[in-house]
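Written below as structure tokens is the structure these notes are about.
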Amino acid sequence: MTAHALPPAVSGFTGSAQAMSLVAFSAVATITLLLCVMTGPDRDDLDEFYTGYGTLSPLRNGLAIAGDYISAATVLGTGGVIALCGYDGVVLALSTALSLLLLMFLLAEPLRNAGRFTMGDALARRMPGRAVRITACAVTIASLLPLMLVQLAGTGQLMAFILGFTNESLKTGCVVGLGTLMIAYAAIGGMKGTALIQILKIVMLVGSGAVVALLILHRFDWDPGALFQAAARQSGAGPAFLHSGLQFAGHPGARLDMITSELTIVLGGACLPHVTMRMYTASSARQVRRSLSWAVSLVALFVLVITVVGVGATALVGGPAIAAADKQGNTAYLLGSRAAFGADVSTAESFLFTLVTTALFLTLLASVAGMILACANSLAHDVFAARAREMPARREMALARFSALAVGAPTILLATLVQHHSLQPLVTLSFCLGASALAPALVYGLFWRRYTRAGLLATLLGGSLTVLLLMPGTNLVSGSPVSAFPDADFNWFPFTTTGIVSIPAGFFFGWLGTVVSGRRKAEEQRRQYEAVEGWILAGAVRRGG
């Protein structure tokens, strides 16, 4: 996705717009880093670093949850699928909102009650032990690392697209520089600092996107039907653009592939650790509910925005031009925003477009910073601190900050190596791990009385290994022009995700591990669960016996 490869009609960002974007990017980076320094916790205040003391109001916490949930991969990737595949892309966007509803109604309160700082805390509430914590940490990092790579690797490409440079060294420099900035956000600001960045990001992203969506609707006389009909004509796919199946056309079992892909997104998105860690920032179960109400509303609004902008990009620019700019359609959101202003762009419209690009830039920064923080928290708290019975708070804080560097540095290096490949398999890998390992572990761990330690470890390890074994055989990795290795074909698992096998496998391994543990162990776990059941499910302290 280099600027020189774009058709002239869609790559014409003026010098003034590029200069404004560069100035805005620099200002945002400076201001957000300053915010992290000002709000950073004391050196011995673990609660403030890990949870921000639960001082965020439901509105601010809801904004932060929505900010963590809507990553750059969501904006660029989902926008691209909407622009190129129409109906299927809209279903994908709706699945992301449904995922947050699942978290809100099923997992949010028990997670908040069972956990303190990390996913390992929530899982070890019933089954304490280093093996549980270390495994939870390993799966946390494994599920978030692919998403971090996608967004860091996309940074250089996005900067090249907006600012007009094509030098590969400059793109790699952007990846390294911005990755370093994201490590600083996580290490210095902790939970509160990254929350403020997420709030700023989501306000800018939804606000600028809403204005662009309104401009696009205005171009079509406020008639959504006319917008969609124009998009179908310009899509290159005709009426198929408005019906299901375009994204999975040509795949064996296309309908089944679509259903399992959406299920993977719903389950995986609800259980990814950088989203669930926000549950621990609420001071009470009631605050969790109110925070998620705000978050769901914002995500639903953004689904509407990205639908209009994505379809508008197809209607105004054309599907073939979007695909020529990037096979996955990752530039569709920017192209739709630019096209909304028409041929004659005023100073005010240039400023608004700069706001859109800055919001995307901030989305990249905030998303990866939140993921680095989730991984660093788990590494410091579940692995290092768990080794010592009484570790001084100041030392654990230092370990958490060092962990941000230990996670971030290899991520930057890997991102520079994968930036020229299709990154869609990495996004899918994260959601598959969330749906196949973390979702079964949380559902069983929070609600099944007889669930044992062996069952938990079998869920996490078995679900993860199933995903890792199947993913190389999917059609996202090889066998198609848009796969990661388009010139190879080792596509032996003819689906887009591993969910059709790995999700049932994750639940099966948990059940099997529990059965193998024996009836006595299961009864012991049942008694232990009943002792904390009231607290986990309702936040109620058990009285008496």
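Residues in segment 119-143 that are more than 19 Å from GLN287 (Cβ to Cβ) and not hydrophobic (A, V, I, L, M, F, W, C): GLY120, ARG125, ARG126, PRO128, GLY129, ARG130, ARG133, THR135, THR140, SER143. Here LEU537 passes the criteria (1) over 26 Å from the mean Cα position of the chain (by Cα); (2) more than 16 Å from ALA124 (Cα to Cα); (3) of a type in the set (A, V, I, L, M) except the one numbered (2).
May I ask you to say which residue of THR276, THR264 is touching a Phe, Trp or Tyr at 6+ places or on another chain (Cβ under 7 Å) and part of a helix (DSSP H, G or I)? Break it down into steps so the answer makes sense when it comes.
Details: THR276 fails: touching a Phe, Trp or Tyr at 6+ places or on another chain (Cβ under 7 Å).
Answer to the check: THR264.
Inspection of segment 242-250 identifies no residue that is part of a helix (DSSP H, G or I) and surrounded by 21 or more Cβ atoms within 10 Å (Cβ to Cβ).
Here is a check on your reading of the model: is ALA538 surrounded by 15 or more Cβ atoms within 10 Å (Cβ to Cβ) and of a type in the set (A, V, I, L, M)? When the stated conditions are applied, ALA538 does not pass them. Taken as a whole, the condition of being polar (S, T, N, Q), assigned to a helix (DSSP H, G or I), at pLDDT 80 or above and under 22 Å from the mean Cα position of the chain (by Cα) does not apply to THR514.
Mind checking whether some residue in segment 434-451 is in a helix (DSSP H, G or I), closer than 26 Å to GLY329 by Cα and either in contact with a His (Cβ under 7 Å, 6 or more places away or on another chain) or of a type in the set (A, V, I, L, M, F, W, C) (or both)?
Yes, segment 434-451 has at least one match.
Run THR496 past the list (1) in contact with a His (Cβ under 9 Å, 6 or more places away or on another chain); (2) outside any loop (DSSP other than H, G, I, E, B) and report the number of the one that doesn't hold. Answer for THR496: the failing condition is (2). Looking only at residues in segment 325-341 that are of a type outside the set (A, V, I, L, M, F, W, C) and over 24 Å from LEU476 (Cα atoms), the one that is surrounded by the fewest Cβ atoms within 10 Å (Cβ to Cβ) is ARG338.
Just one of (1) of a type outside the set (Phe, Trp, Tyr); (2) open to solvent by 30 Å² or more (accessible area, probe 1.4 Å); (3) in contact (Cβ under 8 Å) with a residue 60 or more places away in the chain fails for VAL299. It is (2). The set of residues in segment 458-483 being open to solvent by 40 Å² or more (accessible area, probe 1.4 Å) and in a helix (DSSP H, G or I) consists of LEU461, LEU465, LEU468, LEU469, PRO472.
Of all residue pairs spaced 6 or more apart or on separate chains, those with beta-carbon atoms under 8 Å, a first member in segment 190-211 that is at positive phi and a second member that is aromatic (Phe, Trp, Tyr) and surrounded by 21 or more Cβ atoms within 10 Å (Cβ to Cβ) are GLY190/PHE49; GLY190/TYR50.
When you scan segment 18-28, how many residues do you find that are surrounded by fewer than 18 Cβ atoms within 10 Å (Cβ to Cβ) and at pLDDT 80 or above? Even if it seems obvious, please write down each step before you answer.
We begin by selecting, within segment 18-28, every residue surrounded by fewer than 18 Cβ atoms within 10 Å (Cβ to Cβ); these are 18-19, 22-23, 26-27.
Narrowing further to those that are at pLDDT 80 or above: 23, 26-27.
So the answer is 3.
Per-residue answers, yes or no, for (1) among the aromatic types (Phe, Trp, Tyr); (2) touching a Lys or Arg at 6+ places or on another chain (Cβ under 6 Å):
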site: MET471; (1), (2): no, no
site: ASN475; (1), (2): no, no
site: VAL482; (1), (2): no, yes
site: PHE493; (1), (2): yes, no
site: THR497; (1), (2): no, no
site: GLY510; (1), (2): no, no
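Quick check, is GLU390 open to solvent by 40 Å² or more (accessible area, probe 1.4 Å) and either at pLDDT below 85 or farther than 18 Å from ARG125 by Cα (or both)? The answer is yes for GLU390.
Restricting LEU267, LEU217 to residues that are among the aliphatic types (A, V, I, L, M), surrounded by 19 or more Cβ atoms within 10 Å (Cβ to Cβ) and modelled with pLDDT of 90 or more narrows the list to LEU267. Taking segment 91-143 as the range and being among the charged types (D, E, K, R) and farther than 16 Å from GLY62 by Cα as the test, the residues that pass are ARG116, ASP121, ARG125, ARG126, ARG130, ARG133.
The values are calculated or read from the model by the stated rules, or taken from the named source; none is laboratory data. Since the structure is predicted, the reported quantities are computational estimates derived from the model, not experimental observations. All Cβ positions, glycine included, derive from the backbone under ideal geometry; neighbour counts span all protein chains shown. We work out accessible area using only protein heavy atoms, side chains counted, and drop any ligands, DNA or RNA first. Shrake-Rupley method; radii C 1.70, N 1.55, O 1.52, S 1.80 Å.
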